[in-house]
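The values are calculated or read from the model by the stated rules, or taken from the named source; none is laboratory data. Worth saying up front: this structure is predicted, and the values here are computed from it rather than measured. So basically every Cβ, Gly included, is an ideal-geometry build from the backbone, and we count neighbours across all protein chains shown. Accessible surface is based on the protein model in full, side chains and every heavy atom, while ligands, DNA and RNA are left aside. Shrake-Rupley method; radii C 1.70, N 1.55, O 1.52, S 1.80 Å.
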Amino acid sequence: MTDVDINAVAKSFGATPVLSGITAQFGEGSFTSLLGPSGSGKTTLLRIVAGFVAPDEGRVSIGGRDVTGTPVWARNIGMVFQSYALFPHMSVSDNVGFGLARRGIKGGAAKREIEAALELVRLPGYGARRPKELSGGQQQRVALARAIVTKPSVLLLDEPLSALDRRLRQEMQVELVRIQRASGLTTIFVTHDQEEALTLSDRVAILDRGRIVQIGAPAEIYERPKTRFAAEFLGDINLFEGIAAGGDWVALADGRLIACTGVLPPDGIRVTAAVRPEKIAIVSGDKAIREMGRDAGGEASREAANRLEATIASVVYAGAALTYKAEAAGRTVTIFAQNSDARPHAVGDAVTLVWSPGHTVLVEEDRP
Ligand SMILES: Nc1ncnc2c1ncn2[C@@H]1O[C@H](COP(=O)(O)OP(=O)(O)O)[C@@H](O)[C@H]1O
Ligand SMILES: [Mg+2]
């Protein structure tokens, strides 16, 4: 069931459009990340859902009720900001209970709710402390407890982990997913961190300059990016520019053909095909190439795999993985390989790059 429904929302600050044509649905109990670079409009969109910012156009519904004109306090949302924004002069209990007090819930009833919320974020017994007596991770858990204690219908999180160091951040990611699952709250999570978005969410919405360019399950947006921006923002990718050449074929500038998946435009139209570096295998020797041809046909069980003759230009050793750069007819291709070969390829080696047409997806060029 749809819980949050954003319909054709637009917002400008002065003459600058910050969001345009934002339409998205968020299912009940789902965890969706809004992912985009700094300035892409993530915070503004979250603040529109919360009610801190009014959209110029469009509607927002929560739980089937149009809340476009409803003030923040009447929307029943819980929000955690990038800076924890705890009240420093108040105890942890009073911080967590702030929203309850405002709703007139006091005494034993409030105490029970506060304790349950502190239990959920694994800080039982911390109620009497002051925020400054807590670590960054603990403060962020208090902020989370404060956001969920009022049993909101939607939880909005604006880069809540970005102030934490790497290790704590990873711990808190696990905690956040646990708390979200346990509470069943519909959650919208803002981040500019690709890996965080992919690992935490059911769905990811990618924002590029105030528009959602793609929304889908993590694997879907990673494996099937729709635009050049989405492809490049989600990690390393090889882009092959060419022209549609009939069937599934793309002709590169030097006349080589690569096969791809998806619907190609009419012959002669310029297209860009994208391949993730870990999808490409490096093989040397005729036999190896024949073997690969069979396997690399991949999901579509195509008889022919894509092949490019190349020369290894660099190898970066990172323990578990190796990153190769290979020169193939004037273009540099990046390949990620597991460090499992007895003898890795060396700079100068003549090799063949082999990959499946099923892993070769067409991406749209970004709008100007
Ligand atoms: N209150 C405001 N007044 C004017 N411009 C703003 C305001 N809030 C945000 N902006 C501008 O809107 C754009 C998007 O901001 P924001 O939503 O904070 O992006 P993000 O969270 O993705 O970094 C930025 O260019 C920012 O400078
Ligand atoms: Mg922001």
Margin query: Need one word for region 1-70: rounded, prolate or oblate. Basis is the Cα gyration tensor (sqrt eigenvalues a ≥ b ≥ c); a/c below 1.5 gives rounded, then a/b vs b/c decides.
Written below: oblate
Check: Within the chain, what percent of beta bridges assigned by DSSP are antiparallel, to the nearest 5?
Finding: 75 percent
Checklist line | Net lengthening on full extension, D66/L257 (0.36 nm per residue, minus Cα-Cα) | finding: 63.6 nm
Check: Applying 1/(1 + (r/R0)^6) with R0 = 51 Å to the Cβ-Cβ distance of R181 and I243, what FRET efficiency is obtained, to the nearest 0.05?
Finding: 0.60
Notebook entry, point to check: What spacing in nm lies between the two simple spin-label points modelled at R59 and L168, each 7 Å away from Cα in the Cβ direction?
Noted result: 4.4 nm
Note to self: Rounded to two decimals, what is the ratio between the C-alpha radius of gyration of the chain and 2.2 N^0.38 Å?
What the structure shows: 1.20
Check: Heavy-atom accessible area per residue, region 46-140, 1.4 Å probe: how many Å²?
Finding: 53 Å²
Check: To the nearest 20 debye, what is the magnitude of the charge dipole of the chain about its Cα centre, counting +1 on the Cβ of each Lys and Arg and -1 on the Cβ of each Asp and Glu?
Finding: 1460 debye
Note to self: Need one word for region 151-250: rounded, prolate or oblate. Basis is the Cα gyration tensor (sqrt eigenvalues a ≥ b ≥ c); a/c below 1.5 gives rounded, then a/b vs b/c decides.
What the structure shows: prolate
Notebook entry, point to check: For the chain, which whole-number percentage of the solvent-accessible area (1.4 Å probe, protein heavy atoms only) is attributable to carbon and sulfur atoms?
Noted result: 51 percent
Margin query: Strictly over 28 Å apart at the Cα level, which of K42/K151; K11/K106; K226/K325 would you flag in this model?
Written below: K11/K106
